[in-house]
Amino acid sequence: MPRIGYGVYQISPSQTERCVLDALSVGYRSIDTAQCYYNEAEVGSAVRSSGKARNEVFITTKLWGGQGYADTIRSIEQSLRRLDMDYIDLLLIHEPSGDYKEIYRAMEDALTAGKLRAIGVANFIDDTFEDLLKHCNIIPAVNQIETHPFRQQDYMYRRCGECGTVLEAWSPLACGKNGIFNNPVLVSIAEAHGKSVAQVVLRWLYQRNIVIIPKSTHRERMIENLSILDFSLTDGEMSLIATQDKGKSLFNWW
Ligand SMILES: NC(=O)c1ccc[n+]([C@@H]2O[C@H](COP(=O)([O-])OP(=O)(O)OC[C@H]3O[C@@H](n4cnc5c(N)ncnc54)[C@H](OP(=O)(O)O)[C@@H]3O)[C@@H](O)[C@H]2O)c1
């Protein structure tokens, strides 16, 4: 799984194809969509019109509102049809609602049937993650949760590491909230490296081995967000960023 991907939440269907084509042309090879973003079809058509082979691009989508086993199998087929693809690289349960154990069981079977390459969850924090671990046959490959300097998820970071589950950060740039781009600690570190605050934040996550999927509709920002491999943060800078944790969601959601 690429460690840097491109998220398409809140990109309208009419903009998605152009954005994903831009993202692929500047070097992204992983796209994060979801059933409830209503842009799976546009993601699929962008991948096809990019000329990239299917196996060059890693596609994640997420199940929304599944009720049980049969419903989930149907829902996976619908995503495959919208994407117009034979398989999905990573399928996540979008949130721990409904009968998530039955939903996950259906995902395990779809994985065995070759429709999915990997399965995981999103927003499974603390009890729900532990509950699923007790009942699953295949450990979730990924847990995608809100992670940025103001919500650092130290407990889930350790717990996912112990289980062999990759922690993937949603809203790695805090979706611009809480004045992130003008935060004095982040600005001073950015100035010291001649980098932007966005690059410092993404590098901080990257150095913690957290997968990142920043979203931007601007091509120059897509490039900026990918350009984080030519510098590194010191232990002191990593610790300074650790002091920015507020320990709670900025979105009042999971
Ligand atoms: N599983 C879940 O429940 C869940 C929830 C939320 C998000 N996600 C996933 O995570 C992805 C990323 O999260 P997100 O879209 O909420 O927020 P984000 O990536 O943290 O931030 C996106 C915002 O930051 C701006 N931005 C991006 N790069 C920038 C830069 N270099 N400098 C200044 N501003 C910049 C974007 O504006 P412009 O577009 O105008 O450039 C946009 O307003 C989503 O697209 C989605 O795939 C998953």
> Which members of region 76-88 meet the condition of being in a helix (DSSP H, G or I), under 16 Å from residue 117 (Cα atoms) and touching a helix residue (DSSP H, G or I) at 6+ places or on another chain (Cβ under 7 Å)?
Replying inline: 76, 79, 83
> Only one residue in 141, 190, 174 is within 15 Å of the ligand (Cβ to nearest atom) and within 21 Å of residue 89 (Cα to Cα). Which one?
Replying inline: 141
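Being near the ligand (Cβ under 8 Å from one of its atoms) and either among the hydroxyl-bearing types (Ser, Thr, Tyr) or farther than 13 Å from residue 33 by Cα (or both) is the filter here, so list the residues in region 206-220 that pass it. Don't jump to the end; show me each part of the working.
Taking region 206-220 first, the residues near the ligand (Cβ under 8 Å from one of its atoms) are 213-218.
Selection gives 216, 217, 218.
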>> With the requirement that a residue be crowded, with 17+ Cβ neighbours inside 10 Å, more than 11 Å from the ligand (Cβ to nearest atom) and among the small types (Gly, Ala, Ser), what does region 159-171 give you?
In response: none
> If you scan region 73-124, which residues turn out to be within 16 Å of the ligand (Cβ to nearest atom) and touching a Phe, Trp or Tyr at 6+ places or on another chain (Cβ under 6 Å)?
Replying inline: 89, 93, 94, 96, 123
> Are there any helices (runs of 4 or more DSSP H) wholly within region 177-254 with 1 or more residues that are out of contact with any Cys (no Cβ under 8 Å at 6 or more places or on another chain) and farther than 23 Å from residue 27 by Cα, and if so which?
Replying inline: 184-193, 235-242
> How many residues does region 221-233 contain that are near the ligand (Cβ under 10 Å from one of its atoms) and among the β-branched types (Val, Ile, Thr)?
Replying inline: 1
> If residue 114 satisfies every condition in (1) surrounded by 14 or more Cβ atoms within 10 Å (Cβ to Cβ); (2) in contact with an Asp or Glu (Cβ under 9 Å, 6 or more places away or on another chain); (3) at pLDDT 95 or above; (4) not aliphatic (A, V, I, L, M) but one, which is the exception?
Replying inline: (1)
>> List pairs: first residue in region 1-25 and free of Cβ contacts under 8 Å to residues at least 40 places away in the same chain, second residue more than 14 Å from the ligand (Cβ to nearest atom) and not in a helix (DSSP H, G or I) anywhere in the structure, Cβ distance under 8 angstrom, at least six positions apart or on different chains.
In response: 24/52; 24/57
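The values are calculated or read from the model by the stated rules, or taken from the named source; none is laboratory data. Small disclaimer: the values here were computed from a predicted structure and weren't measured. Glycine gets a Cβ as well: all are built from the backbone with ideal geometry, and neighbour counts include every protein chain shown.
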